1. If you bin every alpha carbon distance in the range 141-275 into 5 Å steps from zero, what whole percent lands in each bin?
2. Using a cut-off of 15 Å between beta-carbons, work out the net charge of the residues near TYR16 (Lys and Arg +1, Asp and Glu -1, TYR16 not included).
3. Given labels modelled 7 Å from the Cα in the Cβ direction, how far is it in nm from ARG24 to ARG344?
4. Report the percentage of all Cα-Cα pairs in the range 302-345 whose separation exceeds 17 Å, rounded to a whole percent.
5. Convert each backbone phi in the range 255-270 into a coupling constant with the Karplus relation 6.51 cos²θ - 1.76 cosθ + 1.60 (shift: θ = phi - 60°), then list the ³J(HN,Hα) values in order as whole Hz, x for Gly and Pro.
6. Please report Rg (one decimal) and Dmax (integer) in Å for the Cα set of the range 148-225.
7. Would you mind checking which residues have amide H under 5 Å from GLN139's amide H? H placed 1.01 Å from N; only 5 or more apart, or other chain.
8. What distance in nm lies between label points placed 7 Å from Cα along the C-beta direction at GLN75 and LEU240?
Amino acid sequence: MKSALITGISGQDGAYLAKLLLGRGYRVLGAARRTSIQASFIPRLRHFSIDDQVEIVDFELSELANIVRIVQKYQPQEIYNLAAQSFVGASWEQPITTSDVNAIGVLRLLEAIRTFSPESRLYQASTSEMFGYASVHPQNESTPFYPRSPYGVAKLYGHWITKNYRESFGIKCVSGILFNHESPLRGQEFVTRKITLGLSRIVLGQQDVLELGNLDAKRDWGFAGDYVDGMWRILNAVKLDDYVLASGETHSIREFAELAANCLGMDLGWSGSESKEIGIDRKTGKTVIRVNPKFYRPAEVPLLLGDSSRAQSELGWRREVEFAGLVEMMARSDYDACKSGCVRF
Ligand code: NDP
Ligand code: GDP
């Protein structure tokens, strides 16, 4: 039986990846940091009814000795480093913690592997935010990096140190440069989930208005369930290399909101411009979206569009869920959860 250690097990991707690996017969060790909530209760694992199949180990990416003990004790064949301060917006408020976890945390893990488990394979969760203010569209494995946030800068260190340990010491470590991927399990502060949750509550009379920032930013959004399969393919490829996973389409926040509203029975129109812009449900005449500059970023990434043709041709990776299907899946899930009064994550 193959064993895999997943850091960030309590997050969106941790849950989807654990489900996938359990289905493929792996022993799954879920690395979670201690919280005041019982460690064995992880709502996203409970959602898939796999919380009793994942072995939880106490894990903190800031604590070298803790990482060393876990890597030495379990010596897993595969390690997926998904743990991170993953919210770009928070990284300007907590740049030092973000850098410690997202950059130096990767180095700590690599040092533990190099010293105590050199045969382990490591997948590092790199991100399209490393392309940031990209001058070339679409972005692929050769596109120059231009991170625009402390999050992006820290992740770029994690990316390069992973490549460096592969080249310096022959560690079997690779990065997946993943574009935004979403699901009903996405954190509530990310714009997609904020929209599907907020509009669901508005339709049900539980919230008055949804406040958003820059409506014109564009992202390449895919479905998390498809992307964790890509992680597995990247880590298990014969040739150790870094790959881009992306949908190959880009859409604005405005388009995402229009489609989500449509799924929830609204007909969204817009009025005004910039910080005075509002979104109106044409069916009721009610203002449902308002721009609030507090959600603007100090430095924005205006457009991301990925080219994953290398992952498709070399790894056979395909995405199954299209943009419209993703929006509908998230809107339906949030509507049902809000209606039953049970939003669990
Ligand atoms: P989430 O925010 O849902 O999950 C992040 C996980 O990291 C949580 O389990 C969190 O634990 C854990 N974590 C945070 N800090 C620490 C720490 N100091 N020690 C141990 N664990 C910690 O992110 P996603 O699942 O969406 O993303 C997974 C990874 O992929 C992240 O590294 C992210 O940056 C990266 N990524 C994500 C993309 C996306 O679109 N989703 C795109 C590209 C890259 P807790 O629950 O306790 O907070
Ligand atoms: P990111 O791509 O990892 O930063 O994912 P987010 O979902 O946090 O943000 C995607 C884009 O949505 C960024 O360009 C944000 O500026 C934009 N955006 C607009 N309004 C909001 C909002 O209210 N919250 C968030 N999180 N992002 C917003």
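1. In order of increasing distance, the bins hold 2, 8, 14, 18, 17, 13, 10, 8, 5, 3, 2, 0 percent.
2. Working: positive: LYS19, ARG24, ARG44, ARG46, ARG186, ARG193, ARG233, ARG319; negative: ASP13, ASP51, GLU182, ASP226, ASP229, GLU320.
Combined, the nearby Lys, Arg, Asp and Glu give +2.
3. It is 2.5 nm.
4. Numbers: 545 of 946 pairs.
Counting every Cα pair in the range 302-345, those more than 17 Å apart make up 58 percent.
5. Per-residue couplings from phi come out as 5, 4, 5, 4, 5, 5, 4, 4, 4, 9, x, 9, 10, 7, x, 10 Hz.
6. That works out to 17.9, 58 Å for Rg and Dmax.
7. Result for GLN139 returns LEU305, GLY306, ASP307.
8. Distance between label points: 1.7 nm.
The values are calculated or read from the model by the stated rules, or taken from the named source; none is laboratory data. What you are looking at is a predicted structure, and each value in this text was computed from that prediction instead of being measured. FYI the Cβ positions are ideal-geometry reconstructions off the backbone, even for glycines, and counts take in every protein chain you see. Protein only, heavy atoms only, side chains kept; ligands, DNA and RNA dropped before computing areas. Shrake-Rupley method; radii C 1.70, N 1.55, O 1.52, S 1.80 Å.
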